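Below is one structure, written out as structure tokens; comments come after it.
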Amino acid sequence: MQLLTPAYHGPDVTGDYLTHQLADAYTDDFMDAVLKLDVTTLIVDDPVKRVDNMTMAWGLEARVPFLDHHLVELVAQCPAQIKLASGGKPLLKRIARGLVPDAVIDRPKGYFPMPALKYVRGPFLAAMRDILNAQACRERGLFSRDYIDRLLDAPDQHHTRIQGSKLWQLALLEHWLQCHQL
């Protein structure tokens, strides 16, 4: 809780929710419960919405083939250790062999990096500094000044578990609060 000032500390609603969901009596083990939570809560409609938004923006029609409910129900019955074997998606990879080049199947997972947002420098850093040092941010008192100062003093050294910039996330939230005069 180093991010928020003590006035904003409260019950851990998210932690309580996750504890309850991960204690699901209808799952075989912890990992099965995590995967069920992911499918039923965290990514509901996400693939469909993203593909639909991206393709419709360009006048294209697309389908998300792995959302066939029969396929999803079948795979959901597999033990978690099968779903996660060999770095993930072992059944899909096995089916694809011979149909898709091995180089495609075996390549590491990619992402769309934004180096300017991971390693914050120059105009980005100046803008974030302005946002986080603004009178509105200081008066709101939501974020610990010590935490903000630590991020601003070493912007390239504070990353999330998936290597995003903590400074970028904090500045973006604060910018949104300021834009909406909250």
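Only the coordinates and a few stated rules stand behind these numbers; no lab work does. Keep in mind that this is a model prediction, so the values were computed, not measured. Cβ placement follows ideal geometry from the backbone for every residue including glycine, while neighbour counts extend to all protein chains displayed.
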Quick query: amide H of His159 versus all other amide H atoms, modeled in the peptide plane; which residues come in under 5 Å with a sequence gap of 5 or more or a different chain? Lys166
Within the under-15-Å Cβ sphere about Lys93, not counting Lys93, Lys/Arg +1 and Asp/Glu -1 give a net charge of +4
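Rounded to the nearest 20 debye, what is the charge dipole size of the chain about its Cα centre when +1 sits on each Lys and Arg Cβ and -1 on each Asp and Glu Cβ? Provide the component values of the computation, followed by the final result.
On the way: 20 positive and 22 negative charges, 134 e Å.
That gives a dipole near 640 debye.
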Taking the chain as the reference, fit the longest principal axis to its C-alpha atoms, fit the long axis of helix 13-22 to the helix C-alpha atoms, and give the angle between the two in degrees, 0 to 90, nearest 10. 10
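Let's see if you can work this out: charge +1 on each Lys and Arg Cβ, -1 on each Asp and Glu Cβ, no other charges. What is the dipole magnitude of segment 13-106 about its Cα centre, in debye to the nearest 20?
Details: 9 positive and 14 negative charges, 78 e Å.
The dipole magnitude comes to about 380 debye.
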What lysines sit close enough to Lys36 to cross-link, taking a C-alpha to C-alpha distance under 17 Å and skipping anything fewer than 8 places away on the same chain? Lys83, Lys89
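Per DSSP H run of n ≥ 4, the term is -39500 (n - 2.57); total these for the chain, divide by its residue number, and report the mean residue ellipticity at 222 nm rounded to 500 deg cm²/dmol.
Working: 12 runs with 99 residues, N = 182.
Result for the chain, helices only: -15000 deg cm²/dmol.
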In segment 4-48, with Lys and Arg counted as +1 and Asp and Glu as -1 at Cβ, which of these residues, Ala7, Val44, Val34, has the Cα nearest the positive end of the dipole, that is, farthest along it? Ala7
Non-local amide H neighbours of Phe143 (under 5 Å, H modeled in plane, Pro and chain starts lacking H): which ones? Thr5
Straight-distance crosslink candidates among lysines, where the alpha carbon sits under 27 Å from Lys166 and sequence neighbours closer than 8 are dropped: Lys49, Lys109, Lys118
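Would you please classify the overall shape of segment 7-59 from the alpha carbon gyration tensor, given that a ≥ b ≥ c denote the square roots of the eigenvalues, rounded means a/c under 1.5, and beyond that prolate means a/b larger than b/c while oblate covers the rest? Display every interim value, and only then the final one.
Values: a/c = 5.33, a/b = 1.56, b/c = 3.42.
In terms of gyration-tensor shape, oblate.
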When a/c reaches 1.5 or more, the comparison of a/b and b/c decides; with that in mind, is segment 13-106 rounded, prolate or oblate per its Cα gyration tensor? oblate
Let me check I've understood the local charge: for Asp32, count other residues with C-beta under 15 angstrom from its C-beta, Lys and Arg +1, Asp and Glu -1. What total comes out? -3
Rounded to whole Å and sorted largest first, list the principal axis extents of the Cα atoms in segment 53-179. 59, 36, 29
